[in-house]
1. Restricting attention to the stretch 37-60, which residues are modelled with pLDDT of 90 or more, of a type in the set (A, V, I, L, M) and in a loop (DSSP other than H, G, I, E, B)?
2. Among all residue pairs at least 6 apart or on different chains, which show Cβ distances below 8 Å where the first residue, located in the stretch 44-65, is without any contact (Cβ under 8 Å) to a residue 24 or more places away in the chain and farther than 23 Å from GLU2 by Cβ and the second is β-branched (Val, Ile, Thr) and crowded, with 17+ Cβ neighbours inside 10 Å?
3. When the stretch 85-96 is examined, which residues are found to be farther than 15 Å from GLY198 by Cα, touching a Phe, Trp or Tyr at 6+ places or on another chain (Cβ under 8 Å) and not small (Gly, Ala, Ser)?
4. Name the single residue, out of those in the stretch 141-171 being within 19 Å of ARG188 (Cβ to Cβ) and of a type in the set (Gly, Ala, Ser), that is modelled with the lowest pLDDT.
5. Of these, ASP34, ASP10, which one is at pLDDT 80 or above and in a helix (DSSP H, G or I)?
6. Can you find even one residue in the stretch 227-246 that is within 16 Å of GLY108 (Cα to Cα) and in contact with a Pro (Cβ under 7 Å, 6 or more places away or on another chain)?
7. List the number of the failed condition for PRO112; all other conditions in (1) out of contact with any Cys (no Cβ under 9 Å at 6 or more places or on another chain); (2) buried (at least 23 other Cβ atoms within 10 Å of the Cβ) hold.
8. Pairs needed: first member in the stretch 225-244, more than 15 Å from ARG259 (Cβ to Cβ) and modelled with pLDDT of 95 or more; second member anywhere, buried (at least 17 other Cβ atoms within 10 Å of the Cβ) and among the aromatic types (Phe, Trp, Tyr); C-beta distance under 8 Å; at least 6 residues apart or different chains.
Amino acid sequence: MEFVAARDLDDALDVKADEPDAALLAGGTDLMVDVNLAHHRPASVVSIRRVRELAGVDEHRIGAGVTWEQLEGSPHRALAQAARTVGSPQIRSVGTIGGNIGTASPAGDGLPWIAAADASIVVASRKRGERVVPWNEFFVGVKETSLEPDEVIIAVQVPGDVPESQEFAKVGVRNAMVISTVSCVVMRGDDGYRIALGSVAPTPIRATQAEALLNSARDITEPLLDELADVVSREVRPITDHRSTEAYRRHASGVLARRLVERTRP
């Protein structure tokens, strides 16, 4: 296995242009698990841990190399909440949001926030330069993205209209260091409510029917919240696997969405 330590973004793009199958390594919390379990054996690995162009975070741009530990202090409340649930302190100190995006697991803790924020993924290649991909065009299936083999994830581009009122929650088989069974982000802004969920479909999803229900109502009443939970539970597309059943994921989706709407209502 060949190892290359990229000094800057140009280095990384050069290697990916010459060797599109080269694996990118930042925190390694996903890649090294696959390598150790013999699920993946890349011929070459490119370390991007010290690529300064991938660092840095502000209200409108989150570098792909930003760690979960850094995101615990994010100005975006729900993203900070999600960051605190990722793995252990050791994992959060090295794992990055770019890795979460690139792995594209349905259970990725950062992905519902990206969906609710209606954010885009900035990618780059030596041949085509930078391009900006809307989140719902980037995530295309279970651990599948529209990223081209020679491209590198650069950043998350955050719109300027992300609501300040936002909450994140997830459920799993235990209270800490757990892969989510269901995760949910709710935001409330001038354009109404946004509801995004993870681990309940092949990709992160927006519960658009539930959003329409809330945004057409004058008041958030108890009967409306009951109906909301039911709509969300029918709108998700979960499966039964070793972590949970389809029925439980549907139930939990409705419960989480209801709770977070209650937390964000005026």
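The values are calculated or read from the model by the stated rules, or taken from the named source; none is laboratory data. Predicted, not measured: the structure shown is a model, and the values here were computed from it. Quick reminder, even Gly has a Cβ in these numbers, built from the backbone with ideal geometry, and neighbours come from all protein chains shown.
1. Across the stretch 37-60, the qualifying residues are ILE48, VAL51, ALA55.
2. Correct list of pairs: ALA55/VAL66; GLY56/VAL66; VAL57/VAL66.
3. ILE91, ARG92, THR96
4. Among them, the one singled out is GLY160.
5. Within the list ASP34, ASP10, the selection yields ASP10.
6. No; the residues of the stretch 227-246 include none that is within 16 Å of GLY108 (Cα to Cα) and in contact with a Pro (Cβ under 7 Å, 6 or more places away or on another chain).
7. The one condition PRO112 does not meet is (1).
8. Pairs found: none.
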